[in-house]
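The values are calculated or read from the model by the stated rules, or taken from the named source; none is laboratory data. Quick caveat: nothing in here was measured; it's all calculated off a predicted structure. Backbone-built Cβ (ideal geometry, glycine too); neighbour counts: all protein chains shown.
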Amino acid sequence: MCVVEAPPSRLDLVESASGSFRNLIRARCMPELDEEPVREVPKLEVTGVHSPTLTHVHDPVQLVIFDCDGVLVDSEPISVRTDARVLAQLGWPLSEEEIVERFVGRTHEYMVAEIEAQLGHPLAGGWEDEFGHLYRDAFEAQLAPVDGIVDALDRITVPVCVASSGGHERLRYTLGLTGLYERFEGRIFSASEVSNGKPAPDLFLHAAERMRVEPPSCAVVEDSRYGVEAGRAAGMRVLAYAGGMTPANRLEGPATVVFTDMRELPDLLALRQ
């Protein structure tokens, strides 16, 4: 959730996959990327979306759509701890549990609006600069793939993609840092491509359309309640990973399987539940 202030020719990294406060910390929180700038993708305007009925989510899975933070990369504990430190310095002390409940899975814009509403005034330009090194140092020292995800990816036989609240450059950074980028290259979708982030279904529907798979034949792997709600709203089967920071009872619901070990994921995908 380290967010970077990209040079003018590059996409802004402030949109986070998890929506945690790290998405507010800009370019100074991580080293310069060597890759070519990512082309800005026009936003997809989703109007009058009719989500497929949940009675069809039992179709055989033809596409697995992964969230990134907390599902592929184990960034949530690192970021939420740092978020708590930064928020306290800004004058809004929150516990880690409160940060998870309020912000994990939400967009950068939502987070900024909530902070400014709480403080009662706009944040000064460049305010995030002093905190960037906290995220950078923690990510470089501790960021790793979620336990069991590499084994699960090796065993999944259907197409996979990523659909995250984060920006493309940030996704390339975190997935690259953990050795997962090549597994998803060319099949990574960001909330920057749609008008409404999670818990709206727009991003998952966009990913399914781009991958040419009907929503009832998709399975979403999520770890936040907002992501789980988005998957359900899209009419997709949801596999909710409760091995992270969101309690299992906040993930439970219709068309949802809650699990705690990523190594179980391939077998769960094979079930006609």
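Name the one entry in GLU128, GLU114, GLU185 that is touching a Lys or Arg at 6+ places or on another chain (Cβ under 6 Å) and at negative phi.
Numbers: GLU114 fails: touching a Lys or Arg at 6+ places or on another chain (Cβ under 6 Å); GLU185 fails: touching a Lys or Arg at 6+ places or on another chain (Cβ under 6 Å).
Only one candidate qualifies: GLU128.
So which of ALA124, ALA117, ALA141 ends up being within 21 Å of TYR226 (Cβ to Cβ), surrounded by fewer than 19 Cβ atoms within 10 Å (Cβ to Cβ), without any contact (Cβ under 8 Å) to a residue 60 or more places away in the chain and not hydroxyl-bearing (Ser, Thr, Tyr)?
On the way: ALA124 fails: within 21 Å of TYR226 (Cβ to Cβ); ALA141 fails: within 21 Å of TYR226 (Cβ to Cβ).
Result of the check over ALA124, ALA117, ALA141: ALA117.
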field: Filtered residue count, segment 191-240, keeping only those that are charged (D, E, K, R) and either without any contact (Cβ under 8 Å) to a residue 40 or more places away in the chain or assigned to a helix (DSSP H, G or I) (or both)
entry: 8
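Among the candidates ALA208, ALA230, ALA191, which residue alone is among the aliphatic types (A, V, I, L, M), within 12 Å of the chain's Cα centre (by Cα) and either at pLDDT below 95 or closer than 14 Å to LEU63 by Cβ (or both)? Spell out the reasoning first.
Details: ALA208 fails: within 12 Å of the chain's Cα centre (by Cα); ALA230 fails: either at pLDDT below 95 or closer than 14 Å to LEU63 by Cβ (or both).
Of ALA208, ALA230, ALA191, the one residue that is among the aliphatic types (A, V, I, L, M), within 12 Å of the chain's Cα centre (by Cα) and either at pLDDT below 95 or closer than 14 Å to LEU63 by Cβ (or both) is ALA191.
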- request: Report whether or not PRO247 is within 18 Å of ILE156 (Cβ to Cβ), touching a helix residue (DSSP H, G or I) at 6+ places or on another chain (Cβ under 9 Å) and either touching a residue at least 40 places away in the same chain (Cβ under 8 Å) or surrounded by fewer than 22 Cβ atoms within 10 Å (Cβ to Cβ) (or both).
  value: no
message: When you scan segment 256-263, do you find a residue that is aromatic (Phe, Trp, Tyr) and free of Cβ contacts under 8 Å to residues at least 60 places away in the same chain, even just one?
response: yes
query: Of all residues in segment 260-273, how many are more than 16 Å from ILE65 (Cβ to Cβ) and either at pLDDT 95 or above or not aliphatic (A, V, I, L, M) (or both)?
result: 7
